[in-house]
1. Which percent, to the nearest 5, of DSSP beta bridges fully inside the range B:8-160 are antiparallel?
2. Under the Karplus relation 6.51 cos²θ - 1.76 cosθ + 1.60, θ = phi - 60°, what is the ordered set of whole-Hz ³J(HN,Hα) values for the range B:105-120, x standing for Gly and Pro?
3. Determine how large the accessible area of A:Cys151 is when every protein chain is in place; take a 1.4 Å probe and give Å² rounded to the nearest 10.
4. Report the far tail of the P(r) of the range B:167-210, meaning the percent of Cα-Cα pairs longer than 15 Å.
5. Give the distance, in whole Å, between the Cα centre of the range B:114-130 and the Cα centre of the range B:247-325.
6. What does the net charge come to around B:Phe484 if you take all other residues with beta carbon closer than 9 Å to its beta carbon, with K and R at +1 and D and E at -1?
7. Between the range A:1-77 and the range B:330-398, how far is it from one alpha carbon centroid to the other, in angstrom?
8. Taking a spot 7 Å from the Cα of B:Glu82 along the direction of its beta carbon, which residues of the range B:17-57 have an amide N less than 17 Å from it?
Amino acid sequence: MLRIMRQIIKVGTITEPLPTADGFEQLGAQLKGKIKQRFQGSLAIRFVDAGSCNGCELEVHAANNAYYDIERFGVSFTPSPRFADMLLVTGPVSINMKTALEMTYEAMPAPKLVLALGDCAANCGVFGQDNYAIAGSVADIIPVDAVVHGCPPTPTAIIQGILQVMDSHHHAG
Amino acid sequence: MTELSNTWFAERMGDHGIHSSYLEDHHPAHMPCLEIRRLDWAHAAEEAKRQAMRLVAIWAVEIVEEDASKQLYTYMALAHKEHRHVLLRTPIHHENPEILSISKHFISACRMERHIQDMFGIQVRNILDARLWIKHEHWPEDAHPLLYDFDGKTPMLSDPNRADIDYEYVPCDSECVYEIPVGPVHAGIIEPGHFRFLAVGEKILNMEERLGYVHKGIEKRMQGRTADEGLKLAGRISGDSTVGHSWAFAQACEYAANITLPKRASYLRGILCERERIANHIGDIGAICNDAGFAFMHMQCARLREDMARLHAEIYHHRLLMDNITLGGVAHDLSVEMREKLIQQTRDIAAEIEHLRAIYADTPSIQERVIGAGIVTTDEAKDIGLLGYVGRASGHSPDERIEEAYAPYDDLDVAIPKGKLGDVSTRMWVRFEEIANASRMVIQCLETLPEGDIQTPWNLPETGVSGFASIESWRGEIVTWVHFGENGIIECYSVRDPSAINWLGLELAVRTVPVPDFPLVNKSFNCSYAGHDL
């Protein structure tokens with residue numbers, strides 16, 4: 001136990017007040033503000049891989065690591081669509097995942113925000129729309145509020161995307 | 001005629017009256033392809049089993065011959081520890097497409113045979129399990145996407161008459177057994193797949209996997225593309241193994257085109273592949289601990305993994321190392337300064353992991369959970385032919401870096417950890433050891449990096465040739481087979497991710513395991529859904 005404590009103290013707080021050019025910290029502050037305003041400080045996201053290669057998953061995980069720690073802005077991932085404010089979808093929608101994606105979307109309460117994450121979710125990427133096994137991009141299957149490009153998108157781009165959904169007026173009123 | 005360097009299995013088959021002939025348009029010669037008669041197909045598999053060979057993969061293709069006629073073939077790749085890989089193929093009648101199953105000799109063949117049935121409509125006779133696999137129930141009955149004449153460009157519509165057909169899971173009528181369906185959408189940030197548990201009280205009686213949800217038609221998509229386009233796609237078969245898959249694909253194309261890499265390029269590939277191995281093992285070690293409530297380890301490992309991703313972004317322009325392998329070489333050379341940075345970080349991370357490992361070994365709450373959990377015995381591992389760290393933890397350790405010893409591994413001191421107990425704890429141990437070994441190899445490559453080019457000019461492969469490659473990715477052996485048509489266009493393609501075999505090990509490992517231990521055991525395998533479903 002002592003060693004664990006020592007390691008924790010040694011590493012210290014690495015969560016970044018990022019001096020980065022891409023302004024992660026400002027983005028985070030904006031996001032936190034928006035989440036406070038619209039969702040009383042807590043945004044629950046349900047994640048669905050609708051056919052991804054698992055590259056996007058690695059970056060969503062990274063957004064949760066101690067450097068980015070998106071949970072500090074009020075973002076949490078929920079195991080059930082019933083509690084979800086937002087659906088985060090990766091991958092082109094495969095014909096074998098189409099029904100599961102639709103059912104997950106159906107199971108969500110309003111406002112049913114949707115973020116399509118990554119080039120595949122946006123436009124089927126390298127797998128292509130002219131493919132027997134692909135039902136379409138995410139927007140072809142369910143209503144999408146924002147799209148993040150990238151193969152895969154970086155953790156910063158993921159935060160940006162979530163912010164973009166919060167800004168979208170698709171579900172206003 | 002190319003010089004034959006691997007005639008061993010042809011001779012063994014000959015001993016049993018199985019006639020075979022070498023295909024001249026197949027490369028490389030040390031992993032030859034033999035054509036056998038269809039009626040000898042199952043006998044050949046039986047002989048391979050007798051010779052203690054391991055089944056690498058079985059797949060089918062439809063090739064357009066010179067006279068424009070189409071011909072179906074099934075292929076079988078086998079490997080022997082000393083005698084390397086050998087491919088067998090046999091022609092299939094178009095009018096009556098059927099083949100005998102080899103699943104009673106090699107259990108891992110079964111799902112691949114189901115894949116062949118689904119994709120080509122070839123009847124595999126005497127198959128142990130004839131249910132649909134990648135082809136889900138809602139597909140039109142006559143849809144066999146990998147047949148040449150199937151329209152692969154139009155999204156396939158579900159057959160409304162088949163919408164209500166359910167997959168038949170292994171039933172259990174006993175009153176004390178209950179079923180738990182899980183997935184395809186899982187609780188965490190992971191890929192989709194369905195698990196059907198039969199449980200008695202706390203314990204799992206049987207767990208059945210139903211995969212194919214992320215099937216993206218990759219094998220069909222590859223057809224008609226140039227090798228360059230194909231390489232980009234291959235790098236996205238399974239995002240976490242992008243280096244492994246790109247390398248296997250590039251290597252198969254390079255064999256087909258008969259080009260050899262400059263030594264420097266091979267070393268640079270080795271660095272990429274070993275760094276990918278380290279990053280994934282670190283991520284998994286953290287995730288396994290997290291699934292047993294040891295969040296400290298998860299946080300520490302995620303931090304180290306992120307450090308690696310950031311350096312990768314800086315040096316290789318991609319956090320996950322995608323698109324760094326090119327046909328005939330690699331995309332980025334390393335300056336002296338970059339090499340210093342990589343050496344320094346690899347060294348630091350290896351040291352940090354050793355430190356964390358001591359903490360892990362010293363923490364009873366995690367040790368209680370991992371020791372003895374999810375066992376696969378050595379016999380079972382050999383029977384299935386488990387690959388990579390999963391195989392190594394169970395005392396079955398084929399490793400292409402040693403057996404095939406492709407460059408740069410022929411120059412490196414490859415050491416592989418050999419476990420025996422086959423539980424989560426041993427799989428963890430293997431991963432820690434592999435991080436240490438891979439770190440050593442990365443540093444060795446960086447310190448002894450040969451001078452020279454990083455790229456051999458790409459040549460278009462001749463019409464009708466095929467190439468086969470076997471690469472030890474972080475998960476285990478990836479094999480790729482590519483067949484070229486005119487103008488260097490890919491005509492047929494097949495790939496086998498190690499997950500296609502290792503998923504079977506998970507089903508065995510979780511028997512009698514308490515239900516709440518499933519995530520822990522599953523994570524210790526961490527099979528790829530995308531790599532399996534293609």
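The values are calculated or read from the model by the stated rules, or taken from the named source; none is laboratory data. All values reported here derive from a predicted model rather than from experimental measurement. A quick note on method: Cβ atoms are made from the backbone with ideal geometry, for glycine too, and the neighbour counts reach across all protein chains shown. Just the protein is used for accessible areas: all its heavy atoms, side chains included, with ligands, DNA and RNA removed. Shrake-Rupley method; radii C 1.70, N 1.55, O 1.52, S 1.80 Å.
1. Taking every DSSP beta bridge within the range B:8-160, about 80 percent pair in antiparallel fashion.
2. Per residue, the Karplus-derived 3J(HN,Hα) values read 8, 10, 4, 5, 5, 4, 5, 5, 5, 5, 4, 4, 4, 5, 7, 10 Hz.
3. So the heavy atoms of A:Cys151 present about 50 Å² to solvent.
4. 44 percent
5. Centre-to-centre (Cα) distance: 35 Å.
6. Around B:Phe484, the charge tally is -3.
7. 26 Å
8. B:48-54
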